[in-house]
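Shown next, in structure tokens, is the structure this report addresses.
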Amino acid sequence: MSKRPIMLIVFIHDDLKGSNEDQLYIDQFDWLADTIARISGRTTEVTFVQPSDAPALSSLDYKTDDLDDLFESLEAGLSKYISSDKSAIHDNSIYKYLLLTRDHINKKTLGVAYSPGHLGIASVDPIGTPAHEFGHMFNAKHPDSGEIMTYWGPRKSIMYATAERDVALSFSSKNQENIRNYLNQYD
Ligand SMILES: [Zn+2]
């Protein structure tokens, strides 16, 4: 039997309405889906959910200093979506959910996610923040972020704790191992 596929469900917040989805996909998720697929040996797909299909999430007032409260709102919005007739959740896949926003949550927080877990939120700015939060959901860790040798020289990897504009869109080998180990718990 083949391994269960991975579905990365990305909810578009109202403040990103009208964004070019093809560009969003290329900038933020293309390499991520490829990388997770390669690490895990599982089919990995990204699905965008339009604001009108998940209004409790797309209209969420996410700018706050209270992250516990934010997670409660995210959970509530996700439950509403899953039980709605718009839900794309229908099979035995492994699902990870991310609310994608234009702005940051607060001055220090660009995104946040369960680590590991099924749910998070991330700004599109800087590029790499959504992938960083998905990384947390797959149990990738800040202390294992390390440096990656790139064409341009050494760069911080994607799980580096502080957002940097020239971060490499890549997981360190230690974090690839963390992700593989995490996913091995599933069929
Ligand atoms: Zn982080």
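The values are calculated or read from the model by the stated rules, or taken from the named source; none is laboratory data. Note that this is a predicted model, so its numbers are computed, not measured. Cβ placement follows ideal geometry from the backbone for every residue including glycine, while neighbour counts extend to all protein chains displayed. With ligands, DNA and RNA removed, areas are computed over all heavy atoms of the protein, side chains included. Shrake-Rupley method; radii C 1.70, N 1.55, O 1.52, S 1.80 Å.
The residue among 78, 170, 12 whose Cα reaches farthest toward the positive pole of the charge dipole of the chain, with charges on the beta-carbon of Lys, Arg, Asp and Glu, is 170. Note on residue 64 and residue 86: the model spin-label points, each 7 Å out from Cα along the C-beta direction, lie 2.0 nm apart. Largest GNM mean-square fluctuation among 70, 119, 98, using the chain with Cα springs under 10 Å: 70. The mean of 1/r over all distinct Cα pairs in the chain, once inverted, gives the Kirkwood hydrodynamic radius of 16.7 Å. For the stretch 1-111, the per residue solvent-accessible surface stands at 52 Å², with DNA, RNA and ligands left out and a 1.4 Å probe. Counting only protein heavy atoms, what percent of the accessible surface of the chain is carbon or sulfur at a 1.4 Å probe? For the chain, the apolar C and S fraction of the accessible surface comes to 48 percent.
Which helices, counted as full DSSP H runs in the chain, have an axial Cα extent of no less than 20 Å and a Kyte-Doolittle average of -0.5 or above? Qualifying helices: 67-82. Overall, the stretch 6-141 carries a charge dipole of about 340 debye about its Cα centre when +1 sits on the Cβ of Lys and Arg and -1 on the Cβ of Asp and Glu, all other atoms neutral.
Using Cα centres only, tell me the gap between the stretch 101-128 and the stretch 34-90 in whole Å. The stretch 101-128 and the stretch 34-90 have Cα centres spaced 12 Å from each other.
Averaged over residues, the count of other Cβ atoms within 10 Å places the peptides 10-22, 125-137 in the sequence 125-137, 10-22, highest first.
With r as the distance between the Cβ atoms of residue 173 and residue 47 and R0 = 30 Å, compute the FRET efficiency 1/(1 + (r/R0)^6) and round to 0.05. Step by step, r from the Cβ atoms, then E = 0.55. In the chain, the calculated helix contribution to ellipticity at 222 nm averages -8500 deg cm²/dmol per residue, counting -39,500 (n - 2.57) for every DSSP H run with n ≥ 4. Label zone of residue 4 (point 7 Å out along Cα→Cβ, amide N under 13 Å): in the stretch 77-113 this covers 90-96.
Working from label points 7 Å from Cα in the Cα-to-Cβ sense, the residue 37 to residue 166 distance is 3.1 nm.
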